[in-house]
Amino acid sequence: QVQLVESGGGTVQPGGPLRLSCPSSGIIFRFAAMGWYRQAPGKQRDMVATITIGGSTNYADAVKGRFTISRDNAKNTVYLQMNSLKAEDTAVYYCNSATSRLWDWGQGTQVTVSS
C-alpha cells in the first residue's frame, strides 16, 4: 500500500520561505517520477513541480524561479523549497506521482501566506 505523508506547511508572511517534505512508502521510490500539487479553496488541484528519476525538474509558470523540487532516494522523500511566497500560493499541498498513474492522495499540508 502506497503512503504519502506531506508535512512542513504553516502560516508565513508574504516573501517568506517554507520547505515541504513528503516521505513515501510502498513504492520503489528511486524509479518514481514525483510531483507536488496544490489545491486552493474552490479550485481544482494543479501540478506545481515535477522531478524525474534522473533529477530533471519542471515547474508551473506561477512558481518558476521561486520554488525548487528535489528528492533524496536514500530517504524515499521528495521536497519542495518555496521562497518568496505570495498570497496566491495559499493552498493545500500534496505530493504524488508525476505520471497519470496517481496513487491515493495523502492528507496534504496547508500553506497559508498572510500578513
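Miscellaneous remarks
- Pair Asp46, Lys64: separation of 7 Å Cα→Cβ label points (nm): 1.4 nm
- For the chain: accessible area per residue (Å², 1.4 Å): 54 Å²
- Cα gyration tensor, the stretch 23-63 - rounded (a/c under 1.5), prolate or oblate: oblate
- Cα-only Debye scattering, the chain: base-10 log of I(q)/I(0) at q = 0.14, 0.19, 0.20, 0.22 Å⁻¹: -0.50, -0.94, -1.04, -1.25
- With each label modelled as a point 7 angstrom along the Cα→C-beta vector, the Ser21-Gln107 pair spans 1.7 nm.
- Surface composition of the chain: carbon plus sulfur atoms hold 46% of the accessible area, using a 1.4 angstrom probe and ignoring ligands, DNA and RNA.
- Candidate lysines for bridging to Lys43, where Cα separation is under 28 Å - those fewer than 8 sequence places away on the same chain excluded: Lys64, Lys86
The values are calculated or read from the model by the stated rules, or taken from the named source; none is laboratory data. It should be emphasised that the depicted structure is a prediction, and the values quoted were computed from it without experimental measurement. Glycine gets a Cβ as well: all are built from the backbone with ideal geometry, and neighbour counts include every protein chain shown. Surface areas here come from the heavy atoms of the whole protein model, side chains and all, with no ligands, DNA or RNA. Shrake-Rupley method; radii C 1.70, N 1.55, O 1.52, S 1.80 Å.
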